[in-house]
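One structure below.
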Amino acid sequence: MNFIKSTVLAVLIGLFANTTYAQKFEELAQTPPMGWNSWNTFQTNIDEPLLKGMVDTYVSSGMKDAGYTYFVLDDGWMSMDRDKDGNLVADPKKFPNGMKEFADYVHSKGLKFGIYNCAGTKTCAGYPGTRGYEYQDARLYASWGVDYLKFDWCNTDGINAKEAYTTMSLAIRAAGRPIVFSLCEWGNHQPWRWAKDVGQLWRSTGDIYAGFEKNLSKGSWTALSVLSILDKQDSIRQYAGPGHWNDPDMLEVGNGMKYNEDKAHFSLWCMLAAPLMAGNDLRKMSDQTKSILTNKDLIAVDQDALGIEAFRYYAFDGIEIWVKPLSNNEVAVCFLNRSNHPQTVNYNWKGHVISDSVNKIDYNFNVDTYKLHDLWTKKELGTTAKSFEQTIPSDDVVVLRLTK
Ligand code: GLA
């Protein structure tokens, strides 16, 4: 009898544990999500005409064809107050036809629709937060057809991060619509250690800005440069993989950096298997910016099915070599010159075995010879039988795809 009781108890605990820890929609984001987000260019200055124009350009510019799928509204879409039933309301001045109509518009163009809120009492820009309304807000998003939720971390004094994000994840699950859950907790509580079963991606750092080398003080907080975000990724690469990604923040390509800096930023994010969320004004996108954001060869590196983040294999005197194992025994190698002057790299492939110790993958160029394909110039650059020599300008990259 006792045996039966304890067996039943064990089964019940098992079921409960299952609903507690495996709540997220497992099939989503098998490769890093790609899309566009309103924040980096527009902050809270968004409205329906502007955004519908952006949706149209998203499609006509070739972004959609290049693989970008999500159209995400960031902070600023709401009215300052919930309605009498406690529901969030789209700002009627900004969205006179309501949010469902806007979501339908996004879907009618073959895109997926994303929205933003916050785990705290208010969003970072002071709009109503979700604290205490998790299940109600999740049901509302599901009724609008939301496909992606970015969930921020402002105004959360006294709240436990893991609990707060788990509650929202359970609320999304209960609402029944598969929604990609993007945790935006800035890495404060190491979400890579606990969020794998909670959401599909988690921010690993504070906010990016369109600067390559130096951080920028904003008074009460510091906006991070591309390189300082890069330096925080290598040590957490083992936590990322299909369905659970480290998010080094959205792209600043086309927002004011130099061409080579934009190119390096995009290349490094692809090497990191980062979510690729463009944040530029697509309507004013230059051909150069478009050529970066839609570089199919780089996007293929980002979207590779193995979902392995690159590791920093070598760093000396401003030159770094990042290595990203790819499926079919291929590998991407990125040479970065982060010094302030041009440098010539001369790399002898046969000199060392390149080892990914996390994934137990070795590249021994004495045993195997690989062809080198330059993913920016599109040139074939010989094989690993010979040393690779090239001069790389300051703050620029060369990215090679190696095929046996
Ligand atoms: C935080 C996030 C940003 C953006 C703003 C909106 O700073 O990290 O990405 O969503 O809030 O207020």
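In the chain, which Cys residues have no partner Cys with a Cβ closer than 4.7 Å?
Cys118, Cys184, Cys270, Cys334
In what sequence, highest mean first, do 148-155, 254-261 appear when ranked by Cβ atoms within 10 angstrom?
Details: 148-155: 23.0, 254-261: 17.6.
Going by the mean number of other Cβ atoms within 10 Å, highest first, we get 148-155, 254-261.
Using amide H atoms built in the peptide plane, which far-off residues or other-chain residues are under 5 Å from Met277 H to H?
Placed amide hydrogens put Gly35, Leu251 under 5 Å from Met277.
Where does the charge balance sit around Arg193 when Lys and Arg score +1, Asp and Glu -1, over other residues with C-beta under 13 Å from its C-beta?
Computed value for this residue: 0.
Tell me, what % of the accessible area of region 271-404 is carbon and sulfur with a 1.4 angstrom probe? Working shown, then result.
Values: 2810 of 5850 Å².
About 48 percent, which is the carbon plus sulfur part of the accessible surface.
Using the Karplus equation 6.51 cos²θ - 1.76 cosθ + 1.60 (θ = phi - 60°), what ³J(HN,Hα) coupling, rounded to whole Hz, does each residue of region 111-128 give in order, writing x for Gly and Pro?
Karplus-based 3J(HN,Hα) across region 111-128 equals 10, 9, 10, x, 9, 10, 8, 9, 6, x, 6, 9, 6, 5, 9, x, 7, x Hz.
Given the DSSP H assignment, sum -39500 (n - 2.57) over each helix run of at least 4 residues in the chain and divide by its residue total; what's the result at 222 nm in deg cm²/dmol, nearest 500?
On the way: 11 runs with 110 residues, N = 404.
So the calculated ellipticity at 222 nm is -8000 deg cm²/dmol.
Mind running the shape call on the chain? Use the C-alpha gyration tensor, a ≥ b ≥ c as the square roots of the eigenvalues: rounded below 1.5 for a/c, prolate if a/b tops b/c, oblate otherwise. Display every interim value, and only then the final one.
Numbers: a/c = 2.02, a/b = 1.38, b/c = 1.47.
Here the chain falls in the oblate category.
Once each part is reduced to its C-alpha centroid, what is the distance from region 289-343 to region 233-267 in angstrom?
So the separation of the two Cα centres works out to 10 Å.
To check you understand DSSP bridge types, tell me what percent of the beta bridges within the chain (both residues inside) are antiparallel, rounded to 5. It would help to have the intermediate numbers written out before the result.
Numbers: 38 of 62 bridges.
The answer is about 60 percent antiparallel.
Output wanted: per-residue J couplings in Hz (rounded whole) for region 390-404, from phi through Karplus 6.51 cos²θ - 1.76 cosθ + 1.60, θ = phi - 60°, x for Gly and Pro.
Whole-Hz 3J(HN,Hα) from phi for region 390-404: 7, 8, 10, x, 4, 6, 9, 9, 10, 10, 10, 10, 9, 10, 4.
Hey, can you grab everything whose amide H is under 5 Å from the amide H of Ala125? Only 5+ residues off in sequence or another chain; H modelled, so Pro and N-termini drop out.
Correct list: empty.
Could the peptides 36-44, 178-186 be put in order, highest first, of the mean number of other beta-carbon atoms found within 10 Å of their residues?
Details: 36-44: 21.2, 178-186: 24.0.
So the order, starting with the most tightly packed, is 178-186, 36-44.
If amide H atoms are built 1.01 Å from N in the plane of the peptide, which residues on other chains or at least 5 residues away come under 5 Å of the amide H of Phe71?
Trp36, Lys112, Phe113, Gly114
Expressed as an acute angle from 0 to 90° and rounded to the nearest 10, what is the orientation of the C-alpha long axis of helix 259-271 relative to the principal long axis of the chain?
70
Of the peptides 159-171, 100-112, how do they stack up when ordered by the mean number of other Cβ atoms within 10 Å, highest first? Intermediate values should be presented prior to the final figure.
Numbers: 159-171: 19.2, 100-112: 16.8.
Put in order of decreasing packing, that is 159-171, 100-112.
What accessible area per residue, rounded to a whole number of Å², is obtained for region 234-343 using a probe radius of 1.4 Å?
On the way: 3510 Å² over 110 residues.
The answer is 32 Å² per residue.
Could you tell me how many degrees, from 0 to 90 and to the nearest 10, lie between the Cα long axis of helix 161-175 and the main elongation axis, the longest principal axis, of the Cα atoms of the chain?
Roughly 70 degrees, rounded to the nearest 10.
So if the hydrodynamic radius of region 236-304 is defined as the Kirkwood radius over C-alpha pairs, what does Stokes-Einstein give as its diffusion coefficient at 20 °C and 1.002 mPa s, in µm² per second? Don't skip to the answer; put the middle values down first.
Working: Rh = 12.4 Å.
Reported coefficient: 172 µm²/s.
Would you mind getting me the FRET efficiency between Arg82 and Lys258? Use the beta-carbon distance for r and R0 = 45 Å, nearest 0.05.
According to the calculation, E is roughly 0.50.
Using a simple spin-label model with points 7 Å from Cα along the Cα→Cβ vector, what separation in nm is obtained for Ala300 and Ser357?
3.2
Rounded to whole Hz and in sequence order, give me ³J(HN,Hα) for region 192-208 from the Karplus expression 6.51 cos²θ - 1.76 cosθ + 1.60, θ = phi - 60°, writing x for Gly and Pro.
After applying 6.51 cos²θ - 1.76 cosθ + 1.60, I find 4, 7, 9, 9, 4, 9, 9, x, 9, 7, 9, 4, 9, 8, x, 6, 7 Hz.
Rounding to the nearest 10 and keeping the result within 0 to 90°, find how far the Cα-based axis of helix 2-21 lies from the longest principal axis of the chain.
On a 0 to 90 degree scale, this one is about 70.
At a 1.4 Å probe, what is the % contribution of carbon and sulfur to the accessible area of region 111-214? It would help to have the intermediate numbers written out before the result.
Values: 1580 of 3690 Å².
That fraction is 43 percent.
What relative contact order, as a whole-number percentage, does the chain give when Cα pairs under 8 Å and 6 or more residues apart are counted? Before the final figure, lay out the partial values.
On the way: 853 pairs, mean separation 53.5, N = 404.
Computed value for the chain: 13 percent relative contact order.
Are there any trypsin sites (Lys or Arg not before Pro) in region 308-370 that are in a DSSP loop and have at most 11 other Cβ atoms within 10 Å? List them by number.
Within region 308-370, the qualifying trypsin sites (Lys or Arg not before Pro) (loop, at most 11 other Cβ atoms within 10 Å) are Lys360.
The values are calculated or read from the model by the stated rules, or taken from the named source; none is laboratory data. Only a predicted model underlies this, so the values are computations on that prediction, with no experimental measurement involved. FYI the Cβ positions are ideal-geometry reconstructions off the backbone, even for glycines, and counts take in every protein chain you see. These accessible areas exclude ligands, DNA and RNA; they are computed on the full protein's heavy atoms, side chains included. Shrake-Rupley method; radii C 1.70, N 1.55, O 1.52, S 1.80 Å.
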